[in-house]
1. Determine the pairs where a residue that is part of a helix (DSSP H, G or I), located within region 253-281, has a partner that is basic (K, R) and within 13 Å of the ligand (Cβ to nearest atom) with Cβ atoms under 8 Å apart, the partner being 6 or more residues away or on another chain.
2. Among the numbered criteria (1) part of a helix (DSSP H, G or I); (2) surrounded by fewer than 18 Cβ atoms within 10 Å (Cβ to Cβ), which one does L346 miss?
3. Give region 221-231 a look and list any residue that's out of contact with any Asp or Glu (no Cβ under 8 Å at 6 or more places or on another chain) and open to solvent by 20 Å² or more (accessible area, probe 1.4 Å), or say none.
4. Only one of these is polar (S, T, N, Q), within 16 Å of the ligand (Cβ to nearest atom) and either in contact (Cβ under 8 Å) with a residue 60 or more places away in the chain or touching a helix residue (DSSP H, G or I) at 6+ places or on another chain (Cβ under 6 Å) (or both): T68, T105, T125, T86. Name it.
5. Can you run down the residue pairs with Cβ atoms below 6 Å, 6 or more apart or on separate chains, where the first is in region 299-316 and more than 15 Å from the ligand (Cβ to nearest atom) and the partner is among the aliphatic types (A, V, I, L, M) and part of a strand (DSSP E or B)?
6. May I ask you to verify whether T254 is at pLDDT 95 or above, open to solvent by less than 40 Å² (accessible area, probe 1.4 Å), in contact with a helix residue (DSSP H, G or I) (Cβ under 9 Å, 6 or more places away or on another chain) and among the hydroxyl-bearing types (S, T, Y)?
7. Please verify whether region 40-50 includes one or more residues that are more than 29 Å from G201 (Cα to Cα) and either among the polar types (S, T, N, Q) or touching a residue at least 40 places away in the same chain (Cβ under 8 Å) (or both).
8. Considering only residues of region 263-280 that are more than 10 Å from the ligand (Cβ to nearest atom) and within 25 Å of the chain's Cα centre (by Cα), which is surrounded by the most Cβ atoms within 10 Å (Cβ to Cβ)?
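The values are calculated or read from the model by the stated rules, or taken from the named source; none is laboratory data. In this text, all values refer to a predicted model and were calculated from it rather than measured experimentally. All Cβ positions, glycine included, derive from the backbone under ideal geometry; neighbour counts span all protein chains shown. These area figures cover heavy atoms from the full protein model, side chains too; ligands, DNA and RNA do not enter into them. Shrake-Rupley method; radii C 1.70, N 1.55, O 1.52, S 1.80 Å.
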Amino acid sequence: MTGGDILDFERHLTPTPVPDAERESLLVNPGFGKVFTEHMVTVRYAESKGWYDARVEPFGPIPMSPATAVLHYAQEIFEGMKAYKTADGGVTLFRPDANAQRFATSARRMAMPEVPEDLFLKAITELVEVDRAWIPGGADSSLYLRPYMIATEVFLGVRPSAEYLFGVIACPVGAYFKGGPKPITLWISQEYTRAAPGGTGAAKCGGNYATSLVAQAEAMNNGCDQVVFLDAVERKYVDELGGMNIFFVYEDGTIITPPLGTILPGITRDSIIKLASEQGHKVIERPYSVDEWRADAASGTLKEAFACGTAAVITPIGTLKSADGGFTVGDPEAMGPVTHQLRTALIDIQQGKAADTHGWVRRVI
Ligand SMILES: *Cc1c(COP(=O)(O)O)cnc(C)c1O
């Protein structure tokens, strides 16, 4: 694997910076994924020379031929992570090494070259440094970072591309839920699945999202916020939401979550498993069926369910709907105490309000 020596990044800063007042007004209510910072990182790869041409440049279009491989065969992966402003004006990342490792795992699955961990982290840090003024300071605000890699060879043959672009863009994001998270309603998709054994479910690739959109649209047509996917073989076990992993909290404190395999190995999921265990919960990773979900919600032994991921952190699940009818979990209008406790514990570590006993928080500025 070439590219092990960290490249130097050439900085080409924007000649027309956004005026401070305009940036401040954009940071007040940025939404999610709509406002982008002024710069971006790009690094090129060619089979013959490894990673090269690392640069920070003004945010803008990436010109490409219509015959570029990614446009036809979707050889593409991405990551999602957040940078937080600290009380003393510094900047931290949450478990960026885990994102780097998952990016490498996704790359292998999609027959793409790995970005060495040090290059991945340097690319992130470069962008955070030049665009640090874009990190919102409010509670629950952060700078969402989106590393991605695309196949850039101009070629229509079906084989791995010989050229790639690794890039990073960033957008300021506010609190995902205004006024705190309200329990969401999920649609159980019985027609569509997102991932089969041997497929790409565990890779963070754009294709997984493309296949989820029709199911997500069906969920919304049925008055739900999100779709929940079942396993592709038996159509019986809960996989995940297509962008978030899922947890079930029982009366006796036991917490169940679907095992790794076809689901995306969430870093939030992994962090919650560790935090919940430390808080005295017995956490079990095992297949969990919809029948069990429905029966235990009805009997009342299942007290809470929640979804988790970097964007929304932890979201309570209140109501389920499906072609076979619906049911509710616990109090469908309020976040349960265990969900609340885990959410607070995680956010406090991420925002530097609680001790980081796991070495999860990496200071980059
Ligand atoms: C990114 C993602 C998640 C959540 O992963 P985190 O590392 O916790 O952000 C869950 N499911 C899918 C399909 C994803 O792409």
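1. Correct list of pairs: I267/R95; I267/R102; S271/R95.
2. Evaluating L346 over (1) part of a helix (DSSP H, G or I); (2) surrounded by fewer than 18 Cβ atoms within 10 Å (Cβ to Cβ) leaves (2) as the failure.
3. Listed by number, the residues that qualify are N221, N222, G223, D225, Q226.
4. Residue meeting the stated conditions: T105.
5. K303/V249; E304/V249; A305/I317
6. No; evaluated as a whole, the condition is false for this residue.
7. There is at least one residue in region 40-50 that is more than 29 Å from G201 (Cα to Cα) and either among the polar types (S, T, N, Q) or touching a residue at least 40 places away in the same chain (Cβ under 8 Å) (or both).
8. Checking each candidate, the answer is A276.
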